[in-house]
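In what follows, a single structure is set out as structure tokens and then discussed.
Quick note: the coordinates plus some simple rules give every number you see, no bench work behind them. Since this is a predicted model, take the numbers as computed values, not measurements. Every residue, glycine among them, receives a Cβ derived from its backbone with ideal geometry; neighbour counts consider all protein chains shown.
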Amino acid sequence: MSPHDAFVGLTLLLAAGMATAVVLTRRMRVQAILMSVFGLVQTLVFVVLQAPDLALAQLAVGSAAVPILFVLVINRLNARKP
Amino acid sequence: MTRHLACLGVVGAFGTVLLIALLRLPAFGTALGPLAQFYVAHAVLDLHVTNVISAISYGYRGFDTMLEEFIFFASITSVSIILRNTLETNDEDEAAARGRPVVERSDAINLVGLIWIGLTVVLALSLIVHGQLTAGGGFQGGAILGTALLTVFLVTSRKTFERISPDVLVKVADSAGAGSFVVLGFIGAVAGVGFLGNFLPLGEAGSLLSGGVLWLINLAVAIEVSAGYALLFKEYLREVFDAESSDEAASAEG
């Protein structure tokens, strides 16, 4: 197993760990932040697998746009609570 | 307990199948398939474009990308329709001012935000314009530009965000970007080179004005994606902040 394969495996394990952390977190706002970090880790996976176009798209979308939308929705839901 | 066992069983089954598939994938660095070899060999020569991914997305498979852009356009339009609320648009200024608590923003955030937004916008524009040359392209640059616009909201206020992304401009840009893609295709069809065919001089591979119609498609996609993200954020912000206050008004009356 070459060093590159080991590195790929390491980043994939990191992604799996982040995903588990997102799922097992209780509080919604913390989950949104963790989703942003997970997007960052996915970007790392794409970079390591030599796909820079995908990494750029994933960085913009998964680390910034999607978590902000989630936080806005969470705020909306919390504001509705009595 | 049985539900947990059932879940574990399903996860285990899928996991085993995926693991077997993963282990049987060809290793990194194996020879490219015939189609990939064709693309790599001909993208630079035929299309005068050095970013092979852009050549495939906007050139060889431009039709698929056009329909993907329509998926993006349709999803943002449907968000726009579903989140239509009863707040009149001439209340926007008041709503925009009301939507943010009066917080004294620290100088550090202002400074860092200003620098960061400036750099991000320059990076986005560079990625868009050099889409046919290096990694990046219309979609990536447009998404980063949309994110930069949202960061303006995060760092300053909703009022500033609404001022730099007026309703009419954003909606026109979104539609114009999506429509230009199709119009460029039809111009190619009318000019006799087929739908989305190239009808412009190709230029020299590696220079800025190369790729012909591919570069214009790149720009159209970038405009559409950045305007689409701006519209999406505007709709979400309107839903969160203005619907809140109309909820309060409704509960105060009722």
**Q.** Low-density loop cleavage sites - GluC sites (Glu not before Pro) in the range B:143-226, where at most 11 other Cβ are within 10 Å (DSSP)
**A.** B:Glu204
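Please work out the FRET efficiency for the pair A:Arg26 and B:Leu209, using the Cβ-Cβ distance as r and a Förster radius of 41 Å; give the result to the nearest 0.05.
With a Förster radius of 41 Å, E is 0.15.
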Q: Obtain the nm distance between the two label points defined at B:Arg61 and B:Leu35 by a simple spin-label model: each point lies 7 Å from its Cα along the Cα-to-C-beta direction.
A: 0.7
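Once you have the Cα-Cα distance between B:Phe70 and B:Val122, take 0.36 nm times their residue separation minus that, and quote the gain in nm to one decimal. Intermediate values should be presented prior to the final figure.
Values: separation 52, 0.36 × 52 = 18.72 nm, distance 2.68 nm.
Additional length available on full extension: 16.0 nm.
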Q | Separation in nanometres of the label points that stand 7 Å from Cα toward Cβ, at B:Val182 and B:Ile20 | A | 4.6
Q: Please label the shape of the protein assembly as shown as rounded, prolate or oblate, based on the square roots a ≥ b ≥ c of the eigenvalues of the alpha-carbon gyration tensor (a/c under 1.5 means rounded; beyond that, a/b larger than b/c means prolate, else oblate).
A: oblate
(Q) Need one number: nm distance between label points at A:Leu14 and B:Ser106, each 7 Å from Cα along Cα→Cβ, rounded to one decimal. (A) 2.8
Q. What's the longest bit of chain B with no exposed trypsin sites (Lys or Arg not before Pro), using DSSP loop states and at most 16 other Cβ atoms within 10 Å as the test?
A. B:106-254
